[in-house]
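**Student:** The structure's right below; bear with me while I get my questions together.
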Amino acid sequence: MPNEYDVIVVGSGIAGLFCANALLDQGKKVLLLEQHHMPGGYCTSIQRKGMTFDVGAHLIGSLGNPRTPVGRLIQQWELPVEFIRCNKLEKVHFPGLTIHFPACWEEFQATVASFFPDEAENLKKFWADLRKVMRSYLRPVEGNRMVEELHGQTYGEFLDVYFKSTKLKGILSSLYGYVGLAPNQISLFAMASMLGSYLIDGTYYVKGGSQKLSNALARRFKQAGGVLKYKEKVDNLLIENQRVVGVNSIPSGNFWANQVVYNGNLHQVLPAAQGGDYLLNIINQKPFHPHRNSVKLFSMYFGLRISEQELRRIQGFHFADFDLDQPENLLLYLAAPSLENKELSPKGTQILIANLPLRGESAELKFWSPENKAKFEKQVNEVLNKLSPGFAQRIVFQEGATPKTFFRYTCNDEGSVYGWAKTPEQMWVNPITKVGGLSQVGHWSYPGCGIAAVAVSGIHTAAQLSRT
């Protein structure tokens with residue numbers, strides 16, 4: 001039958017790309033469908049005035065390390081991608097205190113300990129127990145005693161076991177901006193996974209921008225015999241006898257397969273499917289599917305003529321207070337990738353990406369009229385001029401991106417950054433759904449959010465499908 005495959009993967013974000021390539025290694029006939037005109041999702045880059053801006057991904061944990069499962073595959077597949085190893089994470093700025101954390105597990109611990117010598121014993125036990133959580137997260141969930149004991153705990157609750165100091169807990173939580181949820185809301189395992197990825201497996205930039213990784217994975221997929229179609233919007237799942245047997249895509253029509261792997265929110269397509277209401281009811285039953293979206297951002301991309309010294313001074317996470325259980329205390333995240341990834345901008349210029357977390361009505365797509373976008377652009381510029389007097393005179397280029405922009409690149413609900421919010425209740429979504437022939441990858445399923453985690457989800461799902 002024409003248009004018939006072993007597996008259809010919907011969405012060529014990083015999870016879809018890793019899953020599709022891993023399925024090819026099993027000898028499967030694989031079709032990869034992408035609604036955009038290029039691969040990558042949040043690993044997409046745009047070109048402006050000779051500068052390369054990563055739309056979403058900046059620092060990436062573990063992918064450049066050949067000792068990790070994802071790093072080994074990148075090496076095995078001989079992807080023509082270079083990684084830049086970083087010795088530092090972002091700075092964190094509190095009132096009266098700025099810390100530039102090393103991207104190293106032991107040095108990170110030493111940095112925290114230097115501020116709190118009286119907490120040495122509590123810190124020692126905390127680090128040891130957090131390391132156990134990190135290790136347990138890498139093992140299968142079934143029969144995992146630590147996961148069984150702590151799966152419902154937040155990172156904030158874990159901190160409360162060891163410490164009373166709001167300042168210390170704030171510093172230990174200050175990188176939560178990488179996962180987008182305050183410590184009293186984020187799953188302990190999601191936070192531990194992020195810290196382990198950066199501090200133990202290594203922190204990297206993709207040299208020349210994250211699009212190079214996405215393009216290399218897409219090229220390898222096609223060269224290995226996969227079929228990749230762009231500008232294909234999957235709007236419906238094909239269902240027979242309460243089992244998914246293919247997809248309907250605009251403009252090409254129906255494609256058929258034994259398995260469909262969906263890198264997105266299934267709520268967007270199941271209601272349109274014949275029998276979709278029945279299947280949606282199955283997926284909606286806890287603990288099969290969550291409903292709360294992750295953080296939304298307003299981002300501004302700046303090309304600047306600014307000194308490295310000044311850019312290093314202001315980059316990082318800016319907080320209003322040490323009490324990070326209050327989400328409004330994260331004011332702004334300033335990423336400056338060209339400081340290390342120098343191919344991104346011409347000599348004499350730098351890149352700054354300002355990310356403003358959104359709350360209330362501004363977190364809804366309907367809020368984003370041209371007038372409201374202009375107001376937020378003005379607000380971000382005013383903040384940056386206060387942080388760095390004369391900032392406005394250094395601007396070569398600027399462009400704003402709303403949740404509507406991110407929705408256009410990824411189809412994430414309301415333009416959310418990490419799919420489902422990684423709360424304890426929403427952390428453990430099995431990629432293999434309860435619906436026959438249907439799986440889910442990416443930050444919509446286990447093991448979580450972030451580029452390294454979604455790559456792992458793609459690899460794990462491909463492995464699970466080989467056994468079913």
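**Student:** Mind telling me which of the residues Gly64, Gly50 ends up being of a type in the set (Gly, Ala, Ser) and under 19 Å from the mean Cα position of the chain (by Cα)?
**Tutor:** Gly64
**Student:** Would you mind listing the strands (runs of 3 or more DSSP E) fully within the stretch 200-274 where at least 3 residues are β-branched (Val, Ile, Thr)?
**Tutor:** Hits in the stretch 200-274: 243-250.
**Student:** Looking at Ile74, Ile84, Ile8, Ile46, which one is of a type in the set (A, V, I, L, M), in contact with an Asp or Glu (Cβ under 9 Å, 6 or more places away or on another chain) and more than 21 Å from Leu195 (Cβ to Cβ)?
**Tutor:** Going through Ile74, Ile84, Ile8, Ile46 in turn, just one is of a type in the set (A, V, I, L, M), in contact with an Asp or Glu (Cβ under 9 Å, 6 or more places away or on another chain) and more than 21 Å from Leu195 (Cβ to Cβ): Ile46.
**Student:** Which condition number does Val161 fail, the rest of (1) under 21 Å from Ala128 (Cβ atoms); (2) in contact (Cβ under 8 Å) with a residue 40 or more places away in the chain being met?
**Tutor:** (2)
**Student:** Run down Thr68, Thr52, Thr98, Thr44 and say which single residue is β-branched (Val, Ile, Thr) and surrounded by fewer than 17 Cβ atoms within 10 Å (Cβ to Cβ).
**Tutor:** Only one candidate qualifies: Thr98.
**Student:** What single numbered condition from (1) crowded, with 24+ Cβ neighbours inside 10 Å; (2) without any contact (Cβ under 8 Å) to a residue 40 or more places away in the chain fails to hold for Gly390?
**Tutor:** Going through (1) crowded, with 24+ Cβ neighbours inside 10 Å; (2) without any contact (Cβ under 8 Å) to a residue 40 or more places away in the chain one by one, Gly390 breaks only (1).
**Student:** Next question. List the residue pairs whose Cβ atoms are under 9 Å apart, where the first residue sits in the stretch 110-137 and is in the same structural domain as Asp160 (by TED's automatic domain parsing), the second is modelled with pLDDT under 95 and aromatic (Phe, Trp, Tyr), and the two are 6 or more positions apart or on different chains.
**Tutor:** Close Cβ pairs satisfying both conditions: Val133/Phe189; Met134/Phe189; Ser136/Phe189; Tyr137/Phe189.
**Student:** Does the stretch 341-362 hold any residues that are free of Cβ contacts under 8 Å to residues at least 12 places away in the same chain and closer than 30 Å to Glu328 by Cβ, and which are they?
**Tutor:** Gly360, Glu361
This table checks each residue for (1) at pLDDT 95 or above; (2) acidic (Asp, Glu).
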position: Asn241; (1), (2): no, no
position: Leu270; (1), (2): no, no
position: His289; (1), (2): no, no
position: Ser294; (1), (2): no, no
position: Ser307; (1), (2): yes, no
position: Phe319; (1), (2): yes, no
position: Asp323; (1), (2): yes, yes
position: Thr349; (1), (2): yes, no
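**Student:** Being at negative phi and touching a strand residue (DSSP E or B) at 6+ places or on another chain (Cβ under 7 Å) is the filter here, so list the residues in the stretch 44-58 that pass it.
**Tutor:** Ser45, Ile46, Arg48, Met51, Thr52, Phe53, Asp54, Val55, His58
**Student:** Tell me the residue from Ser193, Ser136 that is touching a helix residue (DSSP H, G or I) at 6+ places or on another chain (Cβ under 9 Å) and farther than 27 Å from Leu331 by Cβ, please.
**Tutor:** Only one candidate qualifies: Ser136.
**Student:** To continue, here is another question. Listed residues Ile84, Ile99; which is of a type outside the set (Ser, Thr, Tyr) and within 21 Å of the chain's Cα centre (by Cα)?
**Tutor:** Exactly one of Ile84, Ile99 is of a type outside the set (Ser, Thr, Tyr) and within 21 Å of the chain's Cα centre (by Cα), namely Ile84.
**Student:** Looking at the stretch 343-362 only, could you name the residues that are over 18 Å from the mean Cα position of the chain (by Cα) and not in a strand (DSSP E or B)?
**Tutor:** Glu343, Leu344, Ser345, Pro346, Lys347, Gly348, Thr349, Arg359, Gly360, Glu361, Ser362
The values are calculated or read from the model by the stated rules, or taken from the named source; none is laboratory data. Just so it is clear, the model here is predicted, and its values are computed rather than measured. Glycine gets a Cβ as well: all are built from the backbone with ideal geometry, and neighbour counts include every protein chain shown.
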